[in-house]
Amino acid sequence: MGSNSKKVLVVDDEKDVCIYLSRLLEENGFRATCAGNGEEALQAVEKERPDLITLDLSMPQTSGVRFYQTLKSRPDLVGIPVVLVTGVTGPGGPRDTERFYNTRRQVPPPDGFLAKPVDPEEMLQLARKLTSGQRQESATVGPTRS
Amino acid sequence: MSADGTGNRVFDLDALDHSSARLFDELPCWVSIQDRDFRIIKSSAKMIADFGDHRGEQCYAAFKNRTEPCPECVVTLTFEDGKEHSSQEVRFDKRGMPHNVLVKTKPLRNGAGEIVAVMKVLVNISSEVELAKRLHDSVVRYRNLFDYAPCFISVQDRNFLITDSNRRFDESFGDGVGEHCYELYKKRPDRCPRCPVAETLQDGQVHTSEEIVVDNQGRQIHVLVYTAPLRNAAGEITSVMEMSADVTELRTLQNELASLGKLVGGLAHDTKNVLEGLRGGIYIVNLGFKNNNRRDIDTGWDMVQRNVARLSSMIMDMLYCAKKRSPSHVPVSLSAVLKEVVGLFAGKATQFHIQLESKAEEHVEILGEPKEIHGLISNLIANAIEACNADQDEQKAHRILASVSQDRSEAIIEVEDDGPGMDAATRNALFKDLVSTKGSAGTGLGLVMAQKVVVEHGGTIMVRSEPGKGSAFTVRLPIRPPDAAVT
């Protein structure tokens, strides 16, 4: 894995999900780091700008929704593609997802959705597409509702 | 006038002229004339035809088969005061048929103004009496229907004042006649914003609504309300009948089903996270075997074990919630359990920068199930930690105080946090829904389990909470449950 590898920040309060996704990405040529909450994620982004962020919406402390809003409101960070990874997606899901849907009119939409349990191939395909520089306006897989 | 055998002067009917005597006979009612001795002097033809010829006999002997005058005799009264009197009686005709009669008496005077006889007129009112009886029966029947209908019924006038209410209504809300429906039903000082009674008064149609009303015991009752217009003879709406069916049990059942649905949904969400952990673990173990990387194998296997344990714990929680059981009754020192649990959570609290404190009176001991009491206090403290952890105010230094004390025959466990607190909706959903304000961190079964333990130990659990001010859970457990036998 060279220094040219694309860097992915995995944001999830589920430690095992972080380990899994980062190991999956690393094994497939990405560099991956983990953050357990929005505050940690923001610090990580400011320290080293990632090429992609996978984000769980429902998290303690700074929730995923707030982190997303911060990212998209800052001109220096707004360009980082974000994939939402959630246990339940779509309107009518848990409170955080619902709040996200309520605020998404004011913020740019995410670049992709992935539903838990994450399909490894789907995750890799989306990660490659969003970090290749050929990303479309919204390379959404989903949203799915499960 | 002529003299009878006793020398008394009597009214001489025979002296009536022919046409008057004929008229007397043709009267369409039963007429007789009696003297002071109650002797029948004269009877109309109809009287004789229907009741027999009893002239010369005492009326009480002839018609009542008595040996002395009746106790309340209108003839006596008329002789005494010279006034007309009336009474209602049942008379049996000569065939033994009963007749309801209105008896009217009138004094007959001689030239000197002395009462010498009394004329008694009997009017047959059997059909009227029958009609009145039917009317009465009908009123009673409809009143019973009104009273015993399995719903609350009130009738309201145009000013929303209750003019009538059924028994069920009175039992639950008090006799409401003369009061406003909104005062009685809703305990509010003015009209409800959307009032089906007002709508019916306006358009004469049936309207429905669903309301929550409060009975005189302070209980909330869910009612399905139907209103219908009541009109006068001219067709004008004068009042409205409001009929409210109690659907509380139905709504409770619906809420429980909805809670169950949420619980299952939440559990499915948590199961997904566990599944994701298992999947990740297997993936990393496989990577380890493929690349002969011992570190990956260890990491992955840890993940598998951790998630299997988590799944197992979730299933045990679910089974616990589903089962009914009676706790054993052994002495449990709440002070000691609190100390132990606080010790167990100390590390976690420090990790999240929460100051976890405990305050226990010594020797607070109850009879109960030690494992369950341990679980109860653990759940309350874990809940407080998660609540503080979920606080959006990251700068706030949180504090949790867990205490145990005794109030006469009750032990009190209190866990107070200064986390984000709860709004009324979240507070009301506690203990029945899978409520988690902490994202994906827990199953939300903790408080459901806590309540189950409290109920099984014959105690109560209550919560005080306000958004921005934190929450306090208070559990009161009897020192010795009433049915306790030490095991």
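If you go through segment A:39-48 and keep only what is more than 13 Å from residue A:12 (Cα to Cα) and open to solvent by 80 Å² or more (accessible area, probe 1.4 Å), you end up with A:43, A:46, A:47. Within segment A:25-38, can one find any residue that is within 12 Å of another protein chain (Cβ to nearest Cβ), part of a helix (DSSP H, G or I), at pLDDT below 85 and surrounded by fewer than 20 Cβ atoms within 10 Å (Cβ to Cβ)? No: zero hits.
Applying the selection to segment B:321-337, what residues are out of contact with any helix residue (DSSP H, G or I) (no Cβ under 6 Å at 6 or more places or on another chain) and touching a residue at least 12 places away in the same chain (Cβ under 8 Å)? If the condition is that a residue be out of contact with any helix residue (DSSP H, G or I) (no Cβ under 6 Å at 6 or more places or on another chain) and touching a residue at least 12 places away in the same chain (Cβ under 8 Å), then B:325, B:326, B:328, B:329, B:330, B:331, B:333, B:334, B:335 are the ones that fit. With respect to (1) within 17 Å of residue A:120 (Cα to Cα); (2) in contact with a Ser or Thr (Cβ under 7 Å, 6 or more places away or on another chain); (3) not small (Gly, Ala, Ser), the lone exception for residue B:286 is condition (2).
Here's a check for you: in segment B:234-249, which residue that is of a type outside the set (Val, Ile, Thr) and part of a strand (DSSP E or B) is nearest to the chain's Cα centre (by Cα)? Here the answer is B:246.
Selection over segment A:81-97 of residues that are more than 13 Å from chain B (Cβ to nearest Cβ) and either at pLDDT 90 or above or open to solvent by 20 Å² or more (accessible area, probe 1.4 Å) (or both) gives a count of 4. The set of residues in segment B:209-237 that are touching a helix residue (DSSP H, G or I) at 6+ places or on another chain (Cβ under 7 Å) and open to solvent by 70 Å² or more (accessible area, probe 1.4 Å) contains only B:216. If only residues of segment B:252-286 that are among the polar types (S, T, N, Q) and in contact with a Leu (Cβ under 8 Å, 6 or more places away or on another chain) are counted, the one that is farthest from the other protein chains (Cβ to nearest Cβ) is B:259.
Find the residue count for segment B:190-204, including only residues that are open to solvent by 70 Å² or more (accessible area, probe 1.4 Å) and without any contact (Cβ under 8 Å) to a residue 24 or more places away in the chain. Before you say what the answer is, go through the steps one by one.
First, the residues of segment B:190-204 that are open to solvent by 70 Å² or more (accessible area, probe 1.4 Å): B:190-191, B:193-194, B:202-203.
When the remaining residues are screened for being without any contact (Cβ under 8 Å) to a residue 24 or more places away in the chain, the result is B:190, B:193-194, B:202-203.
Residues in segment B:190-204 being open to solvent by 70 Å² or more (accessible area, probe 1.4 Å) and without any contact (Cβ under 8 Å) to a residue 24 or more places away in the chain: 5 in total.
Which fully enclosed strands (runs of 3 or more DSSP E) of segment B:76-189 have 3 or more residues being β-branched (Val, Ile, Thr) and touching a residue at least 60 places away in the same chain (Cβ under 8 Å)?
Numbers: elements: B:85-92, B:98-109, B:115-124, B:152-157, B:162-165.
Ranges flagged: B:115-124.
Restricting attention to segment A:49-80, which residues are crowded, with 21+ Cβ neighbours inside 10 Å, assigned to a loop (DSSP other than H, G, I, E, B) and away from chain B (no Cβ under 14 Å)? The one that is crowded, with 21+ Cβ neighbours inside 10 Å, assigned to a loop (DSSP other than H, G, I, E, B) and away from chain B (no Cβ under 14 Å): A:50. Whenever a residue of segment B:396-413 is at positive phi, it has no partner that is surrounded by 17 or more Cβ atoms within 10 Å (Cβ to Cβ) and modelled with pLDDT of 95 or more lying with C-beta atoms less than 6 angstrom away and at least six residues away or across chains.
Keeping to segment B:287-299, report how many residues are open to solvent by less than 60 Å² (accessible area, probe 1.4 Å) and more than 7 Å from chain A (Cβ to nearest Cβ).
Filtering segment B:287-299 down to residues open to solvent by less than 60 Å² (accessible area, probe 1.4 Å) leaves B:287-288, B:293, B:296-297, B:299.
Pick out the ones that are also more than 7 Å from chain A (Cβ to nearest Cβ) and you get B:288, B:293, B:296-297.
Counting residues in segment B:287-299 that are open to solvent by less than 60 Å² (accessible area, probe 1.4 Å) and more than 7 Å from chain A (Cβ to nearest Cβ) gives 4.
The single condition among (1) over 30 Å from residue A:121 (Cβ atoms); (2) surrounded by fewer than 16 Cβ atoms within 10 Å (Cβ to Cβ); (3) polar (S, T, N, Q) that residue B:335 does not meet is (2). When the residues of segment A:1-19 are filtered to those that are surrounded by 23 or more Cβ atoms within 10 Å (Cβ to Cβ) and in contact with a Pro (Cβ under 9 Å, 6 or more places away or on another chain), the one that is farthest from the other protein chains (Cβ to nearest Cβ) is A:9.
So how many residues does segment B:27-40 have that are outside any loop (DSSP other than H, G, I, E, B) and either in contact with a Ser or Thr (Cβ under 7 Å, 6 or more places away or on another chain) or surrounded by 20 or more Cβ atoms within 10 Å (Cβ to Cβ) (or both)? I'd like the intermediate steps shown before the answer.
Step one: of segment B:27-40, the residues outside any loop (DSSP other than H, G, I, E, B) are B:30-34, B:39-40.
Applying the additional criterion that residues be either in contact with a Ser or Thr (Cβ under 7 Å, 6 or more places away or on another chain) or surrounded by 20 or more Cβ atoms within 10 Å (Cβ to Cβ) (or both) yields B:30-34, B:40.
Qualifying residue count for the region: 6.
For the structure I just gave you, tell me whether residue B:343 is surrounded by 13 or more Cβ atoms within 10 Å (Cβ to Cβ), assigned to a helix (DSSP H, G or I) and more than 14 Å from every other protein chain (Cβ to nearest Cβ). Before you say what the answer is, go through the steps one by one.
Details: surrounded by 13 or more Cβ atoms within 10 Å (Cβ to Cβ): no; assigned to a helix (DSSP H, G or I): yes; more than 14 Å from every other protein chain (Cβ to nearest Cβ): yes.
For residue B:343, the condition - surrounded by 13 or more Cβ atoms within 10 Å (Cβ to Cβ), assigned to a helix (DSSP H, G or I) and more than 14 Å from every other protein chain (Cβ to nearest Cβ) - is not met.
Residue B:218 meets the stated requirement of being closer than 29 Å to residue B:449 by Cα and in a loop (DSSP other than H, G, I, E, B).
Okay, residues lined up against (1) among the charged types (D, E, K, R); (2) within 13 Å of residue B:453 (Cβ to Cβ); (3) touching a Cys at 6+ places or on another chain (Cβ under 7 Å):
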| site | (1), (2), (3) |
| --- | --- |
| B:329 | no, no, no |
| B:333 | no, no, no |
| B:342 | no, no, no |
| B:357 | yes, no, no |
| B:378 | no, yes, no |
| B:382 | no, no, no |
| B:385 | no, no, no |
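The values are calculated or read from the model by the stated rules, or taken from the named source; none is laboratory data. Here the structure is a predicted model, which means the values were calculated and not measured. FYI the Cβ positions are ideal-geometry reconstructions off the backbone, even for glycines, and counts take in every protein chain you see. Please note that ligands, DNA and RNA were not included when accessible areas were found on the heavy atoms of the full protein model with its side chains. Shrake-Rupley method; radii C 1.70, N 1.55, O 1.52, S 1.80 Å.
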